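Engineer: Below you will find the structure I want to go over with you.
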Amino acid sequence: EEEAKLQNGGFLPCPPSPGGGGGGPAGITLEEPLRNCRLRSEAERRGGTVSNPPPPLGQRNDASNRAQAAPGVRSPRGAAELGALPLGFSDVNLNSRNTYEVSRRRSAPDHLPHGGTVLATPAPPQESAERARRAGIAGAGSSFAEFFTRNFFTKKTKELKPAAQSAPGWKLFGKVPPRENLPKDSKIIQQEYEARTGRMYKPPPPSARRKNIEFEPLSTTALILEDRPANLPAKSVEEALRHRQEYDEMVAEAKKREIKEAHKRKKIMRERFKQEENIASAMVIWVNEILPNWEGMRATRRVRELWWQGLPPRVRGKVWSLAVGNELNITPELYEIFLSRAKERWKSFSETSTENDIEDAGASVADREASLELIKLDISRTFPSLYIFQKGGPYHDLLHSVLGAYTCYRPDVGYVQGMSFIAAVLILNLEEADAFIAFANLLNKPCQLAFFRVDHSMMLKYFAAFEVFFEENLPKLFLHFKSYSLTPDIYLIDWIFTLYSKSLPLDLACRVWDVFCRDGEEFLFRTGLGILRLYEDILLQMDFIHIAQFLTKLPEDITSEKLFTCIAAIQMQNSNKKWAQVFASLMKDNKEGDKNHSPALKS
């Protein structure tokens with residue numbers, strides 16, 4: 001087919017008719033294909049004929065010749081019907097769809113049989129016409145397809161013009177007057193200013209710059225000095241130099257601040273790593289040496305020093321249990337008995353009773369077991385940031401059981417707000433039964449029993465003893481509090497009721513508990529004086545309201561090193577009398593009562 005097209009000027013010659021009957025001369029070319037197809041399509045639409053049309057391709061009027069060309073194929077229609085079919089070009093509209101159809105048919109033309117002849121298949125007239133039309137289009141070859149597929153109208157592409165650089169200057173009413181001086185670099189402006197004024201800009205000396213920094217400050221990415229846009233007036237030399245100096249000062253200050261913060265973070269991390277190493281080494285000593293010989297080594301100087309540094313979390317619960325003791329001789333079986341009694345009491349309460357009714361009942365009924373329902377109100381406020389003691393948390397039921405069992409064990413005390421924090425700290429470090437045993441024995445200590453039973457006379461004695469050492473260690477702050485009539489009960493009640501677990505961070509509160517188990521109630525008041533010493537400068541500038549608010553909620557960034565340094569500076573000795581001696585002397589005085597002390601507590 002390719003050689004035939006080359007010999008015939010790019011067109012495929014028509015196949016010869018066998019016997020020369022009705023097919024026209026052999027080798028006739030497809031001349032003027034577009035005109036012929038348009039004439040035939042117009043004639044078909046008008047229902048007429050075309051004058052002197054070229055003979056159709058492959059048309060045979062003889063049924064016998066058709067049978068010889070395709071032996072063995074049945075003809076469903078007569079020879080006259082097949083011979084009347086117009087085989088040739090059909091109407092092709094010059095649009096994108098027909099162009100696509102032509103290209104598609106070029107890519108997959110019908111295969112011709114051997115010999116180059118077109119076999120007249122006995123098919124319906126519509127299918128025969130379609131086959132003939134496809135054969136005619138395929139015979140036109142690549143030249144005829146290219147004629148339909150090429151663009152008749154060439155698109156005029158826009159030439160991309162290089163973007164002209166906008167003339168520098170400022171824009172006014174659509175006109176951009178030229179600027180005399182193009183934007184200059186800040187260094188060039190600085191050099192020109194120095195040459196004209198004779199002033200030299202001295203950068204900071206290299207010695208003042210920090211070296212060997214292990215981090216990259218971020219201020220250079222946040223502060224960027226840019227020149228003015230082209231549509232604004234240019235800066236003068238003096239203004240540009242002033243802005244450069246201000247920019248350098250801003251970047252220098254930002255770098256200093258970031259360097260300071262980074263060093264602070266590194267220092268905190270170093271202290272934390274050092275503390276963890278000390279705890280790991282101390283744990284080995286506690287497990288292997290101290291705990292096996294507890295009674296003989298608990299009072300030694302070495303153990304007391306290790307105790308002051310803080311107990312390892314692994315042995316903290318065990319040491320607390322041993323230090324608090326079990327004077328009440330509570331057993332795990334006794335805990336189960338009181339727990340079952342508490343559960344029975346919970347079931348007996350009416351579910352429809354309101355909270356106000358419950359509170360009134362708890363305050364009026366002599367039997368403090370009615371305060372069981374009050375526990376539910378306070379548990380949700382216990383360490384809310386941990387989300388472990390609230391309803392649905394992993395320790396909610398456990399805390400509820402310990403507090404409920406205690407209210408049944410000590411109905412004379414019942415439940416008092418603040419107990420939930422003490423029980424929660426014990427649950428975090430001990431098993432359930434051990435936590436209940438330590439909780440009951442801890443609240444049986446004289447100081448805790450006086451506060452939780454709200455014994456006014458005993459509480460006033462503790463406050464008076466605290467003020468004695470307050471005046472001895474912090475006289476300025478003591479007078480400042482006296483000037484505002486700020487009594488210790490305003491801030492000490494919350495600290496003692498919760499053993500600082502509500503006011504201090506949890507890890508710091510646990511370290512306070514460590515030394516409290518070693519030294520007893522004295523350390524609770526010594527810790528209060530250490531907190532006042534730590535924030536003495538801040539408290540001296542506050543009034544009554546701000547002092548009360550500040551001491552109720554201490555800053556969260558308080559560290560154990562700073563606090564215990566201030567606690568160590570507190571001397572619990574007055575006129576050669578220690579805490580126990582001062583408190584004992586106050587107990588002997590039964591005449592004072594609570595006349596001139598703690599008006600807030602009386603109310």
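Engineer: Could you state how much accessible area L334 has, in square angstrom rounded to the nearest 10, with a 1.4 Å probe and all protein chains kept in place?
Structural biologist: 50 Å²
Engineer: Taking R0 as 30 Å, what's the FRET efficiency between L328 and Q571 from their Cβ-Cβ distance, rounded to 0.05? Could you put the intermediate results ahead of the total?
Structural biologist: Numbers: r = 34 Å, r/R0 = 1.15.
The pair L328/Q571 has a calculated efficiency of 0.30.
Engineer: Between S236 and K256, what's the calculated FRET efficiency when r is the beta-carbon distance and R0 is 30 Å? Round to 0.05. Before the final figure, lay out each step's value.
Structural biologist: Values: r = 30 Å, r/R0 = 1.00.
After rounding to 0.05, the efficiency reads 0.50.
Engineer: Tell me, what ³J(HN,Hα) does each residue in region 516-531 have, in order and in whole Hz, if you take phi through Karplus 6.51 cos²θ - 1.76 cosθ + 1.60 with θ = phi - 60° and put x for Gly and Pro?
Structural biologist: Values, residue by residue: 4, 5, 7, 9, x, 5, 4, 5, 5, 6, 5, 5, x, 5, x, 5 Hz.
Engineer: Hey, with R₀ at 35 Å, roughly what FRET efficiency would V454 and Q549 work out to, going by the Cβ-Cβ distance, to 0.05? Can you show the working numbers first?
Structural biologist: Working: r = 24 Å, r/R0 = 0.68.
With R0 = 35 Å, the Cβ-Cβ based efficiency is 0.90.
Engineer: Between Q541 and L506, 0.36 nm times their residue separation minus their Cα-Cα distance comes to what?
Structural biologist: Values: separation 35, 0.36 × 35 = 12.60 nm, distance 2.83 nm.
Full extension from Q541 to L506 adds 9.8 nm.
Engineer: Moving on to the next point. My understanding is that a pair violates if its Cα-Cα distance is over 24 Å; which of K376/K461; K476/K502; K343/K502; K376/K502; K343/K445 do that in this structure? Working shown, then result.
Structural biologist: Values: K376/K461 33 Å; K476/K502 27 Å; K343/K502 28 Å; K376/K502 18 Å; K343/K445 27 Å.
Distance filter (> 24 Å) returns K376/K461; K476/K502; K343/K502; K343/K445.
Engineer: Between D227 and E556, what is 0.36 nm times their sequence separation minus the Cα-Cα distance? Round to one decimal in nm.
Structural biologist: On the way: separation 329, 0.36 × 329 = 118.44 nm, distance 4.46 nm.
Length gained between D227 and E556: 114.0 nm.
Engineer: Here is a follow-up. Under Stokes-Einstein, with the Kirkwood radius over Cα pairs standing in for Rh, what whole-number D in µm²/s applies to region 452-592 at 4 °C and 1.567 mPa s? Write down the numbers at each step before the final one.
Structural biologist: On the way: Rh = 15.6 Å.
Estimated diffusion coefficient is 83 µm²/s.
Engineer: Additional query: Put one equal scatterer on each alpha carbon of region 238-309, apply the Debye formula with no solvent term, and list log10 I(q)/I(0) at q = 0.17, 0.24 1/Å to two decimals.
Structural biologist: These q points yield log10 I(q)/I(0) values of -0.76, -1.00.
Engineer: Still on this model: Could you go through region 487-492 in sequence order and give the Karplus-derived ³J(HN,Hα) for each residue, using 6.51 cos²θ - 1.76 cosθ + 1.60 with θ = phi - 60°, rounded to whole Hz, and x for Gly and Pro?
Structural biologist: Result, rounded to whole Hz: 8, x, 5, 5, 10, 6.
Engineer: Place the peptides 550-559, 301-310, 421-430 in order of packing, highest mean first, counting for every residue the other Cβ atoms within 10 Å and averaging per peptide.
Structural biologist: Details: 550-559: 13.2, 301-310: 15.0, 421-430: 22.8.
By packing density, highest mean first, the sequence is 421-430, 301-310, 550-559.
Engineer: Turning to a different aspect of this structure: Could you report the accessible area of E277 in Å², rounded to 10, computed with a 1.4 Å probe on the protein chains as they sit in the structure?
Structural biologist: 130 Å²
Engineer: Using the Cα centre of region 452-592 as origin and beta-carbon charges of +1 (Lys, Arg) and -1 (Asp, Glu), tell me which of C510, S457, F497 is placed farthest towards the positive end of the dipole.
Structural biologist: Positive-most Cα among the choices belongs to S457.
Engineer: Under a plain spin-label model, where a point goes 7 Å from the Cα along Cα-to-Cβ, how far apart in nm are T300 and H243?
Structural biologist: Taking the two extended label points, one gets 7.4 nm.
Engineer: Can you tell me the length gained on complete extension of the stretch N293 to L586, counting 0.36 nm per residue apart and subtracting the Cα distance? Intermediate results must be reported in sequence, preceding the final value.
Structural biologist: Values: separation 293, 0.36 × 293 = 105.48 nm, distance 3.79 nm.
Taking N293 through L586 to full extension adds about 101.7 nm, to one decimal.
Engineer: Cα-Cα over 32 Å: which of K264/K482; K482/K562; K318/K482?
Structural biologist: On the way: K264/K482 37 Å; K482/K562 26 Å; K318/K482 43 Å.
Pairs exceeding the cut-off: K264/K482; K318/K482.
The values are calculated or read from the model by the stated rules, or taken from the named source; none is laboratory data. Note that the coordinates shown come from a computational prediction; the quantities given were computed from them, not determined experimentally. Because the Cβ atoms are built from the backbone with ideal geometry, glycine has one as well, and the counts that use them run over all protein chains shown. Side chains are part of the model used for accessible areas, which takes the heavy atoms of the whole protein and leaves out ligands, DNA and RNA. Shrake-Rupley method; radii C 1.70, N 1.55, O 1.52, S 1.80 Å.
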